[in-house]
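A.B. asks: Below is one structure. I have some questions about it.
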Amino acid sequence: MTTKSERTGRRPSAIEKIAADPLSRRRFLAIGGGTASAALLAACGDDEESSGGSETSASTTESSTTTQEMKDKMASQFGEGDLGIVNYALTLEYLEAAFYDDVVKSGLFKGDDLALIEMIGMNEQEHVTALEGTAKQLGDVAPEPKAKFPLDDAQSVLELAATVENLGAAAYLGQAGAIEDPKILAAALSIHSVEGRHAAILNQLIGESFVPDGPFAKPADMDEVLKQVQPFIVS
Amino acid sequence: MSTQKLAAPELESVDFEPMDRGSFVLKGAIAAAAVYGVSAVGPLVRGAFAQGSSGDIDILNYALTLEFLESAFYEMALKETKLSSEVKGIAETIAKDEAEHVTALEGTIKDLGGKAVKAPGVDFGEAFADEKTFLTTAITFEDLGVSAYNGAAPMIKSVDVLAAAGSIVQVEARHAAVVRFSNGESPSPMAFDEALDMDAVLKAAKPFITS
């Protein structure tokens, strides 16, 4: 039995250590240098960092190569800039919506559990609709991937749902700093926290902590997120 | 100033006016001053007029005030409210998270060269009378916390501070979901969490702040 962190492949967070250790609190501001995913956040604000402190600048410079690579990757797969981020998010939401659709049809759940799953599925469908509309405004909409999920029994489905939601929340968090348009950032944040809500409840249902990362949620970058969802994509 | 309506069913209809941090804080402070008097928001107004990186510090102090409030709320609830073992466990986890948010925000403000606000005086009224009242009030605080961070985050200048705020708001959302569920309510009542501006948040928090 793998633990959740192994399954989602998230790295230990610098921010978490900082909270536990007052001496390293200074690094709270330098988390951009701590993980590859946060590095994405750090360097994307370069053009706005006119009068940033020396600590911030240092971590920004340090991580700029990784960030550029990741930006290029995203651009080639999903589109440039905010469009790429929106299409990346849309791809994840397509998968989530399809998953819950399949779960509801599977007949594995009834009563309160079914109602909860239907509610989450409806949230995801609304995210899909909203992100499709936004992507359309910005350019080309990402194609909906064909997906297949293992639906063996209720427990493993709930575990997969929890994994997917924790990953989704981490994926949004991983992009927050890279979004240029404040309206799109605001919208992404309003989805991000809903994914966090889903993750918390599903974690609780499978007997895991509702705050598996502790007081500070960890981000995930595109590479690790796509690696996690790849097994479910058929085409 | 009016609340920005970000909890729209469709992203394209999100009514969000991009402001810089100064005007976000200033608008909130002016609106709050109209309601609570200038002395209550003096530091925020001064910060908003100042140039440079003061905007992020003001937003962090605003977040810190809310975290102080939450932290005190759970600490007192654990002492005063008779809780079932399940809810007690949840309250203990949340109390620890909020206390760590306080510590992290204080440290960040200091590191940015700012001065962290002090913990406000609090009065939670009858919130600790029983588990049900505690949960209802906890829901108010956690949903408010999510909306406050989501409303302020687009105004944050530093990507590092934004990353930290994002990291915290997800945890607040997780708390919100769990206290809602414990109270028999939907963990995510809307597909898009509402964002509130400072004025709306301070108005909602005001009844619990005595100084």
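The values are calculated or read from the model by the stated rules, or taken from the named source; none is laboratory data. Here the structure is a predicted model, which is why all the values come from computation and not from measurement. When we count neighbours, we look across all protein chains shown, and the Cβ atoms used for this are built from the backbone with ideal geometry, even at glycine. We work out accessible area using only protein heavy atoms, side chains counted, and drop any ligands, DNA or RNA first. Shrake-Rupley method; radii C 1.70, N 1.55, O 1.52, S 1.80 Å.
A.B. asks: Tell me which of these residue B:195 doesn't satisfy, since it passes every other one: (1) open to solvent by less than 20 Å² (accessible area, probe 1.4 Å); (2) out of contact with any strand residue (DSSP E or B) (no Cβ under 9 Å at 6 or more places or on another chain); (3) more than 18 Å from residue A:199 (Cα to Cα).
C.D. replies: In the conditions (1) open to solvent by less than 20 Å² (accessible area, probe 1.4 Å); (2) out of contact with any strand residue (DSSP E or B) (no Cβ under 9 Å at 6 or more places or on another chain); (3) more than 18 Å from residue A:199 (Cα to Cα), residue B:195 misses (2) alone.
A.B. asks: Report the residue count in the stretch A:138-183 for those that are polar (S, T, N, Q) and either within 14 Å of another protein chain (Cβ to nearest Cβ) or assigned to a loop (DSSP other than H, G, I, E, B) (or both).
C.D. replies: Qualifying residue count, the stretch A:138-183: 2.
A.B. asks: May I ask you to verify whether residue A:206 is more than 7 Å from every other protein chain (Cβ to nearest Cβ) and in contact with a strand residue (DSSP E or B) (Cβ under 9 Å, 6 or more places away or on another chain)?
C.D. replies: Working: more than 7 Å from every other protein chain (Cβ to nearest Cβ): yes; in contact with a strand residue (DSSP E or B) (Cβ under 9 Å, 6 or more places away or on another chain): no.
No.
A.B. asks: Which of the residues that make up the stretch B:75-108 are touching a residue at least 60 places away in the same chain (Cβ under 8 Å) and open to solvent by 60 Å² or more (accessible area, probe 1.4 Å)?
C.D. replies: The answer is B:86, and nothing else.
A.B. asks: Sticking with this structure for a sec: Kindly indicate which of B:130, B:111 is open to solvent by 20 Å² or more (accessible area, probe 1.4 Å), without any contact (Cβ under 8 Å) to a residue 40 or more places away in the chain and not polar (S, T, N, Q).
C.D. replies: From the options B:130, B:111, the qualifying one is B:111.
A.B. asks: Of all helices (runs of 4 or more DSSP H) completely enclosed by the stretch B:118-211, which ones contain at least 2 residues that are within 11 Å of chain A (Cβ to nearest Cβ)? Reasoning before the result, please.
C.D. replies: Details: elements: B:131-152, B:159-182, B:198-205.
Qualifying helices (runs of 4 or more DSSP H): B:131-152, B:159-182.
This table checks each residue for (1) at pLDDT below 95; (2) closer than 20 Å to residue A:199 by Cα.
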| position | (1), (2) |
| --- | --- |
| A:118 | no, yes |
| A:132 | no, no |
| A:137 | yes, no |
| A:156 | no, yes |
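A.B. asks: Could you grab the pairs with beta carbons closer than 7 Å, sequence gap of 6+ or different chains, first residue in the stretch A:110-137 and within 9 Å of another protein chain (Cβ to nearest Cβ), second one hydroxyl-bearing (Ser, Thr, Tyr) and open to solvent by less than 10 Å² (accessible area, probe 1.4 Å)?
C.D. replies: The qualifying pairs are A:120/A:100; A:123/B:188; A:124/A:100.
A.B. asks: Just the residues that are hydroxyl-bearing (Ser, Thr, Tyr) and either within 13 Å of residue A:229 (Cα to Cα) or free of Cβ contacts under 8 Å to residues at least 24 places away in the same chain (or both), please, taken from the stretch A:138-174. Spell out the reasoning first.
C.D. replies: Start the filter on the stretch A:138-174 by keeping residues that are hydroxyl-bearing (Ser, Thr, Tyr), which leaves A:156, A:163, A:172.
Correct list: A:156, A:163.
A.B. asks: For the stretch A:188-221, enumerate the residues that are touching an Asp or Glu at 6+ places or on another chain (Cβ under 9 Å), open to solvent by less than 20 Å² (accessible area, probe 1.4 Å) and of a type in the set (A, V, I, L, M, F, W, C).
C.D. replies: Residues satisfying the conditions are A:189, A:191, A:194, A:199, A:200, A:201, A:202, A:211, A:216.
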